Structure formats: C-alpha cells, structure tokens
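Have a look at the structure below, then the notes.
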Amino acid sequence: MGFGLFSWLNLLVAASCLVNLSGADDIKGKVRLTIINELNTDVSVYFEGETERFLQGIVTSKGGEMRVDTDPGHLFTYDFEGERHFFEAAREVAGENSEKENPETEDPKTEDSIFEVVILNAGKDEVDVFCTTTIRGGEVNSVPLRFILRPSWAPRAVSRFMQLVRRGYYDGVAINRVVPGFLTQFGIGKNVMQRHEYSEFNIKDDKDKGIKFQPGMMSFAGRDVDSRTTEVFIVMPDTSQAQLDYFGVNSWETPFGYVTGTLHDTALNFFAPTGDLPPLGDGPDPHKIYLNDGYEYLAAEFPGLDYINYCFLPWEREKTEEL
C-alpha cells in the first residue's frame, strides 16, 4: 500500500502525546482525556491549579491530539484569538453513564476509569461542511449539500468526518445506497489507497448522549462495536417513526450532524434510488466496491448513480485564500 499503518497514522495525527497528572502507574478511577484540536492554529493546553497554570502540552491544529490522565473534575484551559476557554474532566467516574473501554480489549490498569473526548473548537458546537453533488442519476451537477456537525453529540465522529473532509476523502465518492423512506449512504472512497488504509483505521464508538434520530441526521455506519471507519448514512425524509426509533439501537449508530435546509428541497431528496444492498436488495454490493476495481464495477453495473463532487470546511478555505 505504499507505506505502513504506523507511518500513516503519524501523518494523520499531527501531534500526539500522553500526560499523566494522576501520579500513578495505572489510571484506575481516573479520567483519560483525549483532547483533539480542530482549530486552525496550534493550542497550548494548561491544567489550572489553585494558584497557577501548568502547561500540559501543545496540540497541533486541524486534528492534532493529546491524551491526559487526570482526576475527576480537574479544570483545563486554552487560549484562542485572545479569549480563554475552559473544559473540565468528568466529575463522575463510576456509574451507568460512564464511558468505558471495550471490555474485550480493556487493560486492567484502566478499570473503573472514564474515557472522555474533548474537541477544542473555541466553544462552537456547530461546524459547517459544504459539499456539492450530482442528482437525478447524474443529470444535474454541482448541487449544494450543506451539513452542520455537532461535536457535543459525538466528538469522535465529528473529528473523523472533519479529518476525512480535509484529506479530500469524500471527493468523487459514490452515493451507493439510496433507499427512499429509509437512508442514503456513502463513504467508500474513490481513491484506492485511501479506501484500503481507512478501512483498517476504526474509531471507538461515541458515548450515547440520548440524541434521537430525525430525518436529515447523519451517523457513521458500522458492523460491530468500535467498527466505524468512513461510511456515513443520512436518514431520509418520510422515514417512519418505528425506523427512527430503531436507529441508534446499535452502539455505532450515533448522530453527529444533520443536513441543513428543508429536506424535501435538498439534494438528499433527489439522489437516484439504488435499491438496498445485497441480500436486502439489488443495489451495489459494498464488498465489490472495496476491491481495487470497485469504481469500475460501479460504472459498469450501476451507471445511474449519483456522486459527491467535493466537500470542504468553508472557514478553512477562506483562511487559505486570505494567505
């Protein structure tokens, strides 16, 4: 594949380090914070002591990460554009709502600990993503489709989606599953190398925040616990209440954003229906799309699909144009 998974992860995660504030070899009863910086500049993160601040590290921009092992309730800060922002480690370690590691892979040293993800976004809980697509089976091109991502709903999912958008992963991607009254799904990359690399790079499930699915909401698809990679589904208009209630039963189905606008007037409502995936229907087979010649298979067998032209983060494009 050109380069190994280890070097590829180094490319994706601009900065990663671990700071232990607990003073112990294990973190039983502690909080393990994963801090992800989605701002467009590097950020210094501080632990706020009673009388002074203690630098924990610098988290690089646009997806850099740092992990901190700390005690419940510890307060952290960072400065951005002249303003100080605060976040706190979870106060409750034990309990039904505590996020745990996958029991099958859990390290005894992390027993009774919380695993919490914090996104540094200067207090903003709405992240704009702009895409253009084809509709009506390619008859119409460059139709806008706008998403709003909500980091407070599912921080891991939001960070992954932003990472994929920044890398151009969704540019040229087929909208390979369109079932009216159910869902639209996309995310098997056109770029063969990216497709194979990301298929091996799962992210953990997000904690259930109790957000109920509604038409227009988007979630990563998966097949098991901690299996999310790149495929995303969007709930279609006119989905039944019974189906809406069923979305989210699986741990990997967590809303992390939504399509803006009146859904019946957006591109979402005009994608060419494909039929469901086999064996549920006669639509494109995801297993065949993942093969090296997957997009040749789509062109030959399903010439009437719609595609995403490209996606981008508008405020980052504006900053680049200013430079």
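Here are a few things to note about the model shown:
- Members of the range 46-78 that are open to solvent by 30 Å² or more (accessible area, probe 1.4 Å), part of a strand (DSSP E or B) and of a type in the set (Val, Ile, Thr): Ile58
- Leu263 open to solvent by 10 Å² or more (accessible area, probe 1.4 Å) and either at pLDDT below 95 or closer than 25 Å to Thr132 by Cβ (or both): yes
- Here the strands (runs of 3 or more DSSP E) wholly within the range 167-253 that include at least 1 residues being farther than 30 Å from Ile114 by Cβ are 177-179, 183-186, 232-235.
- Any hit, the range 298-313, residues being open to solvent by 30 Å² or more (accessible area, probe 1.4 Å), under 20 Å from the mean Cα position of the chain (by Cα) and of a type in the set (S, T, N, Q): yes
- Residue count for the range 105-144, restricted to those that are out of contact with any strand residue (DSSP E or B) (no Cβ under 6 Å at 6 or more places or on another chain), at pLDDT below 95 and of a type in the set (Asp, Glu): 4.
- Filter result for the condition that a residue is surrounded by fewer than 16 Cβ atoms within 10 Å (Cβ to Cβ), under 16 Å from the mean Cα position of the chain (by Cα), under 22 Å from Pro278 (Cα atoms) and among the polar types (S, T, N, Q), over Ser219, Ser199, Ser152, Ser227: Ser199
The values are calculated or read from the model by the stated rules, or taken from the named source; none is laboratory data. Note that the coordinates shown come from a computational prediction; the quantities given were computed from them, not determined experimentally. In this analysis, Cβ positions are derived from the backbone assuming ideal geometry, glycine residues included, and neighbour counts consider all displayed protein chains. When the accessible area is computed, the model is the full protein with side chains, heavy atoms only, and any ligands, DNA or RNA have been set aside. Shrake-Rupley method; radii C 1.70, N 1.55, O 1.52, S 1.80 Å.
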